[in-house]
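Report on the structure given below.
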Amino acid sequence: PGVLHTGSLLLIPPEHHNVLDILRQAKSMGWVISVDVNMRPSVAPNLQAYNAAVEEVIDLADWLKASDEDLQTLGYTACTQAEAPQMADQLLQRGVKRLALTYGAQGAYLRVGDQSLSAPVPSVDVIDTVGAGDTFWGNCVSLWSQMNEAQAQAGLYDTLQHALWAAALNCTRRGCQPPRRSEVAALL
């Protein structure tokens, strides 16, 4: 088993049952379940059912990324970066082991076990923010997939910096164009 990743677009009813069944089966086989909440309420004909499906997948997630906007769409109220530790506590109580909370231009928060860290977004000339969240989370998942829990806790700073810089570089380009690992490494 490895890491099985999904986002919320696959959870728009009525197809969400199929996705949830696949995730449950994968989890029972030992797969790590990675979820980027990434809510898209404008494409969901029934927002209440969509939110309920996303809440179900959060309960299956081992690794989870959510933005402040995602959390607000789901109805959470502790959605500021200052409230990240409280939100993290709620999500870790549901079984999440590695967590990223993003706050747009304000920065991001990572938590692995009892270790957590926040950082601001690097200053760049922004051209387009399309794909910034995907780039951020893709880098976290890529790095974390090579680490056990102790290594992920010890490498929290490096993971957060790498993911923030990758997302920032993506924002200097039109459309979603994530940088290569070597481009990020050159900045770090």
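The values are calculated or read from the model by the stated rules, or taken from the named source; none is laboratory data. Because the structure is a prediction, the values reported are computed rather than measured. Virtual Cβ from ideal backbone geometry, glycine too; neighbours counted across all protein chains shown. Please note that ligands, DNA and RNA were not included when accessible areas were found on the heavy atoms of the full protein model with its side chains. Shrake-Rupley method; radii C 1.70, N 1.55, O 1.52, S 1.80 Å.
Contact map, region 160-188: first residue of a type in the set (Phe, Trp, Tyr), second residue in a loop (DSSP other than H, G, I, E, B) and at pLDDT 90 or above, Cβ cut-off under 7 Å, separation 6 or more or different chains; pairs are 165/122. Which of the residues belonging to region 98-147 are surrounded by fewer than 17 Cβ atoms within 10 Å (Cβ to Cβ) and of a type in the set (D, E, K, R)? Hits for region 98-147 are 114, 125, 128.
The residue that is farthest from residue 136 (Cα to Cα), among those in region 5-42 that are part of a helix (DSSP H, G or I), at pLDDT below 95 and small (Gly, Ala, Ser), is 42. For region 105-113, the condition holds for no residue, the condition being that it is of a type in the set (D, E, K, R), free of Cβ contacts under 8 Å to residues at least 60 places away in the same chain and closer than 16 Å to residue 162 by Cβ.
Filtered by the rule that a residue be open to solvent by 70 Å² or more (accessible area, probe 1.4 Å) and closer than 20 Å to residue 102 by Cβ, region 148-162 gives 157, 158. Per the listing 91, 101, 60, the residue uniquely of a type outside the set (S, T, N, Q) and farther than 19 Å from residue 156 by Cβ is 60. Would you call residue 118 outside any helix (DSSP H, G or I) and either small (Gly, Ala, Ser) or modelled with pLDDT under 95 (or both)? Criteria met by residue 118.
Out of all the residues in region 52-61, is one or more part of a loop (DSSP other than H, G, I, E, B) and on the phi > 0 side of the Ramachandran plot? No, region 52-61 contains no residue that is part of a loop (DSSP other than H, G, I, E, B) and on the phi > 0 side of the Ramachandran plot.
Restricting to region 37-85, name every residue that is open to solvent by less than 30 Å² (accessible area, probe 1.4 Å), under 14 Å from residue 10 (Cα atoms) and in contact (Cβ under 8 Å) with a residue 40 or more places away in the chain. Passing the criteria: 50, 53, 54, 57. If you go through region 87-96 and keep only what is touching a helix residue (DSSP H, G or I) at 6+ places or on another chain (Cβ under 7 Å) and either surrounded by fewer than 14 Cβ atoms within 10 Å (Cβ to Cβ) or in contact (Cβ under 8 Å) with a residue 40 or more places away in the chain (or both), you end up with just 94. Listed by first and then second residue, the pairs with beta-carbon distance under 6 Å, at least 6 apart or on different chains, first residue in region 22-36 and open to solvent by less than 100 Å² (accessible area, probe 1.4 Å), second among the aromatic types (Phe, Trp, Tyr), are 34/63; 36/137.
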